[in-house]
Structure formats: C-alpha cells, structure tokens
Amino acid sequence: MLHAAALNMTNATQKTPAEAYAELSRMLLGDAAAKLGAQQALPDPAEMIKLFTAGFAADNGRWLELNNRYYREQLELWQACAGVKPEIEKPAPPQDRRFKAPEWQEPYFNYLAHSYLLSARWLEEMTTAAPLEPAARNKLAFYTRQLIDALSPANFPWTNPEAIKLAAATDGESVNRGLKNLAADIDKGLVSMTDESAFEVGRNLAITPGAVVYENEFMQLLQYLPLTETVYERPLVIVPPCINKYYILDLQPDNSFVRHALAQGHTVFMVSWRNMPPEMGRATWDEYLEHGVMRALAVAQQICGVQEVNALGFCVGGTLLASALAVLRARGENPVASVTFLTTMLDFSDTGELSVFVDDNYVKTREAEFAEGGVLRGRELARTFASLRANDLIWPYVVNNYLKGNTPPPFDLLYWNGDSTNLPGAMYAYYVRNTYLENNLRIPGKLSMCGSPVDLRRIDMPAYVLAAREDHIVPWRTAYATNGLLGGPTQFVLAASGHIAGVINPPERKKRNYWLNADCAPEAEAWLSSAASHAGSWWPHWTDWLAPQSGSQIPARSTLGNPAFPAGEPAPGRYVKDKIA
C-alpha cells in the first residue's frame, strides 16, 4: 500500500509542498519505518520507562535536580529566542554538524536545534545518573542514544529548513524524488547509503583476476593469478566473514587487500561463502568448519604442494578460523604456519553495544525460531549493525534521500555494506549462544566441535592480531584479549578508525596510523599507554611480519589449480553475485 502511494505521487503539481511533506511524514512515521528496519533503531518506550523508573526510584533528589535545571534552561532559551528578555544573550549557532547549514540560523529553526540539543543533554545526563547495574545501564544508554538520534529536528520534513527551502525552490520536485527513493528502499528493505547503479561485482568490484578452484554447498574457493615472477612457497588462505560478501578485501584495484598481498609475492586463496538459501537452514557451525575453513586449507595445501599454509581470518571469519585450527590441533594436524586475525573476537566478555541485543530471551527466541531450519536474513543483521551508529548510518541518509530527494554519492565500501548474506538459522543460534551469550569459546574444553574438544591454547603458531581503535562491532580491548588465549607468540597491532576503515587502508593513500608495542601487557590500556604511533597503513608492517612465515621464493605458477582441482569459472565466481533476499 505504501509503495503504491509513493509511486502515485509522480506529479508534483498535484500536491503542494506542504501536502507532499505531510504525506512523506506519515510514511516515515508509519509502516515505512517498520519495513526499513527503523524498529531496530528506535527504542521500546515501555522498556525505557521501566529502566528510568527503576533507576531513579531510590534517588529522587538527583531526578529533581536534573529536571529543574532542564526546565530552567529551556525557559531561558525560549526567552532569548523570543526577545522576551533582551538582556539574555541569544544562543550562538549550534556546533552539531546536523545544523551547520545557514538555514538553521533562522530564529525559529535555531530555537528548534538548541532546544533539541538541550533535551539530548538532559536525557544523556539522566541515563548517566541512573543508579542501575551495568547491563541495565548499557541498555538504557543505548536506547537513549537511539531516541536522541531519531528525534532530531533534522529528520522530519516540517522541522528541517534545508528540506523546506529545497522543496519550495524545486516546486515540490525534491519531495517527489524523495518519495520515489523511499519506495525503492522499501522494496529493498534497507536505507540506501550509496548510488548502487555505480557498482557491479565482477565489473568494477572484485575484479582481481583468478578462478574458482573448488566449490561445495558452503563456499567457493578462489585462487588469484600471481602479480610477481616469484612467489613465496606457502600460500595465504583468507577466511572472510560469512555475514558479508568477501569482496570487502577486494573492492577496487587501488584499495584491494588481495591485490596488495599478491604484489608482495603471496599466492592468495579466498573463501567466498555462499549466500544461504532456505534449504540450507539446518547447516551447523561444525559444517562451516569442516566444509568451509578446513576444506579451504586442505585444497590450498594440495594445489601448492605444501605441508603448511598461512591463514587469515576477518571478523567472524577469524572466529571460524580459530575454531577450525583448535579442532585440527586437537586431531594432531598442523596445516597452518602462521595465522592473522583482523578485528576478531575470541573472548566475548565485552561485546560493546551488541550486547544490548543479545540476552537470554533473544537467544532462546532464536533457537525456537530456527529449531526446524530457516535462515537469518542478512538484511536483519545489516540493520542491527547500522543501528549501532544510527546517526551516521541511518538518519543522514533518511534526510538526504527522502527529505531532500537526493541520490547518495557512489562509495564502494557502502555498496558492499548493503550487499549482505543470509546465514543458516541453526549455525547462527549456536554462534550467538556460545559466544555472545555464554562466552564458551575462550574456556579450554568447554566446547566440542567436529567431535574434538576446543582449546585455543593449541593454536601455537605465530599470530598477528589486529584491532581497530574506534571499532563498534569488535571493541579493540576485547580483541586485545586474544593475546592471552593463544598458545604461540602474538604480534598485536592497533589500527586507527573503525571495523572496516581500520582494516581497508591501502598504503598509497597515506592515511591514518597504527600503534605498536612489543610488550603485551596484561591490560589493554597499559599496552596502549606505552605504544608507539606509526603513520600510515598497517599493511606494510603485516607483510614484513608475514614474509618470514612464508617459506622460500619459488617461480610463480603459470596456471591456477591443479589436475585434482582444475580452474573453473573466473573470479569472482557466482556465489558472491547471489543476492538472495
């Protein structure tokens, strides 16, 4: 119904801008918001009231103090903006980036912005002051921030002067375009963050030459053509996250981690996880290890004719890789000479804001939901991750796309971010229970996988552990705990920026920095306090570390695969192109 209503508004002259904005507002606040996943960005009011009430029941004095100050400041703001008391200085332009445009300096909208910021500060202080136990406080803080972000006057057509001015200047055409954008995003189920027409996997993304050398129901294994005349004897096998497509590590030639590794003389294999259809909903975590990670390692060994390979895992790909290595070591096998973990959690004692979503109720609900199979839709996870940074990854695009009717600029990383994959429900339920909820992976012998007890201390090969300082998915202090879980020597590196930008940082761009400290102190903060900052990308440091683990130099292979595993369809393969909804 909403989609049809939006498409019917093709003639801007049929409605005035005010009427069109009223229609758009109804859509944004009604079923459109639910279909676009805004329910994960907006808090449950009943839950918030319950937490606030519990928090201040024993501290009425603090409650009254904060409220009295808030009402006094709101009254003074109104008096200043209305000129009731000329001696009260009018507020300076707000510093918040959402209100930087000159339209926000007009008296009415300037008042709206300042009033909103006062309310935001009041809510944050109320949350901070609430005498709650840590889990409840974290949940309340998350809900509060979601509410604050959602209620910004910039997010609504009747309180955003930039959108109103644009609608008037275009005779309502910006509203018409915005409604079309909204209809398209409802069909897709996600808020568009980039111009998707600018990209295509295999055309200008994931274009490093290679071929599929093995596939099964879980993954395709890609091998890439060498870029150097000689290569290291041991290949590099990369295990990306299974909740996203692998090509975050092979975006475009100038920011491709794969291409960088090839240029340094490594033979690179990449796991391309399948976007799981409903009939694979019963697939288990153990099957991902056996048919995904372990199979990829074995095929790379056989193609290159080596006893050991180097392995790299990114995010949950690192968790899968660590689990597989622990199983292999329990079996007495040692197929990996070195391991790299990029923004990976093995100890889940502090999962940051994701802990707000995962509690005992949530896990039990998901276990019941997937008891007979089924898949977790990738869009659901994408919306969850976006809600962790709603003021960066949801609301600016709502304003730009729907209120202003603009098309977001092309950005390869954000295109990838919206190209999510489905996960088997059984595998997902096992994962969240044994990691996020119970943190069992870090306990030696607590879990058995593929028939073997899991003990991360058996991962005794050299390890390179990278974390990102502003990571909101894998908090860097949690990633630092990996140092104390593994049985071999570790090199910990802290990159600047977040979960993705901290990893994808090609040296040629000369951006950001990273920290090193050879002394792995027990506490992360102690490590950072004496760590040295290094300008630029961590990639060259990693390749210098990896070279001694990679064996001797040999002539580069002129063909991909071998007789047992011949090269098939060209990279990037068909699995990565599958867009199952």
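Here are a few things to note about the model shown:
- Shown are Ile459, Ile500, whose ranking by accessible area with a 1.4 Å probe and every protein chain present, most to least, is Ile500, Ile459.
- Shown in residue order for the range 269-278 are the 3J(HN,Hα) couplings computed by the Karplus curve 6.51 cos²θ - 1.76 cosθ + 1.60 at θ = phi - 60°: 10, 10, 7, 10, 5, 6, 7, 5, x, x Hz (x for Gly and Pro).
- At q = 0.11 Å⁻¹, base-10 log of I(q)/I(0) for the chain (Debye sum, equal scatterers on each alpha carbon): -1.10
- Two tests apply to each whole DSSP H helix in the chain, Cα reach of 15 Å or more along its axis and mean Kyte-Doolittle hydropathy of at least 0.5, and the ones passing both are 45-56, 316-330.
- Relative packing of peptides 104-112, 246-254 - highest average C-beta neighbours within 10 Å first: 246-254, 104-112
- 22 Å Cα-Cα threshold exceeded, pairs from Lys100/Lys180; Lys245/Lys511; Lys100/Lys165: Lys100/Lys180; Lys245/Lys511
- Note: the range 138-195, Cα convex hull, 108 Å³ per residue.
- Taking all pairs of distinct alpha-carbon atoms in the range 83-211, Kirkwood radius in angstrom: 18.7 Å
- Mean residue ellipticity, 222 nm, helices only, the chain: the sum of -39500 (n - 2.57) across DSSP H runs of n ≥ 4, divided by residue count and rounded to 500, is -11000 deg cm²/dmol.
- For the range 542-581: rounded, prolate or oblate by the Cα gyration tensor [a/c cutoff 1.5]: oblate
- Overall shape: oblate for the range 426-578, with the ratio a/c of the largest to smallest alpha carbon gyration tensor axis at 1.5 or above and b/c at least equal to a/b.
- Per the Cα gyration tensor, the range 361-403 maps to an equivalent ellipsoid with semi-axes of 30, 11, 7 Å, ordered largest to smallest.
- Taking the inverse of the mean reciprocal distance over all distinct Cα pairs, the Kirkwood hydrodynamic radius of the range 217-364 comes to 16.3 Å.
- Solvent-free Debye calculation, one equal scatterer per alpha-carbon of the range 386-436: log10 I(q)/I(0) at 0.15, 0.19, 0.25 Å⁻¹ equals -0.63, -0.80, -1.00.
- Fraction of C-alpha pairs exceeding 17 angstrom in the range 218-298: 50 percent, rounded to a whole number.
- Solvent-accessible area per residue for the chain (1.4 angstrom probe, square angstrom): 41 Å²
- Peptides 195-206, 566-577 ordered by packing proxy, namely the average of other Cβ atoms within 10 Å per residue, highest first: 566-577, 195-206.
- Three principal axis lengths of the range 419-461 [C-alpha, angstrom, descending]: 35, 24, 19
- Mean sequence separation of contacting Cα pairs (under 8 Å, at least six apart), scaled by the length of the range 287-415, corresponds to a relative contact order of 18 percent.
- For Leu225, the accessible area of its heavy atoms, probed at 1.4 Å with every protein chain present, is near 70 square angstrom.
- Alpha-carbon spread of the range 364-507, three principal axes, descending order, Å: 56, 46, 20
- Under the criterion of Cα pairs below 8 Å and six or more residues apart, the relative contact order for the range 270-325 equals 36 percent.
- In terms of its Cα atoms, the range 311-446 spans 61, 37, 28 Å along the principal axes, sorted from long to short.
- Of all accessible heavy-atom area on the range 440-544, the percent that carbon and sulfur account for (1.4 Å): 48 percent
- Measuring nothing but how far apart in sequence close Cα pairs (under 8 Å, 6+ apart) lie, relative to its length, the chain scores a relative contact order of 18 percent.
- Protein heavy-atom surface of the range 302-355, 1.4 angstrom probe: 36% of the accessible area is carbon and sulfur, with nucleic acids and ligands not counted.
- For the range 406-416, 3J(HN,Hα) computed residue by residue from phi via the Karplus equation (6.51, -1.76, 1.60; θ = phi - 60°) reads 8, 9, x, x, x, 8, 4, 5, 6, 4, 4 Hz, glycine and proline entered as x.
- Highest average packing first - 115-122, 211-218, Cβ atoms within 10 Å: 211-218, 115-122
- The fraction of accessible area contributed by carbon and sulfur in the range 127-189 is 61 percent, rounded to a whole number (1.4 Å probe; ligands and nucleic acids excluded).
The values are calculated or read from the model by the stated rules, or taken from the named source; none is laboratory data. Since the model is a prediction, treat every value here as computed from it, not as a measurement. Positions of Cβ are generated from backbone atoms using ideal geometry, with glycine treated the same way; all protein chains shown enter the neighbour counts. What goes into the accessible areas is simple: the full protein's heavy atoms, side chains included, and nothing from ligands, DNA or RNA. Shrake-Rupley method; radii C 1.70, N 1.55, O 1.52, S 1.80 Å.
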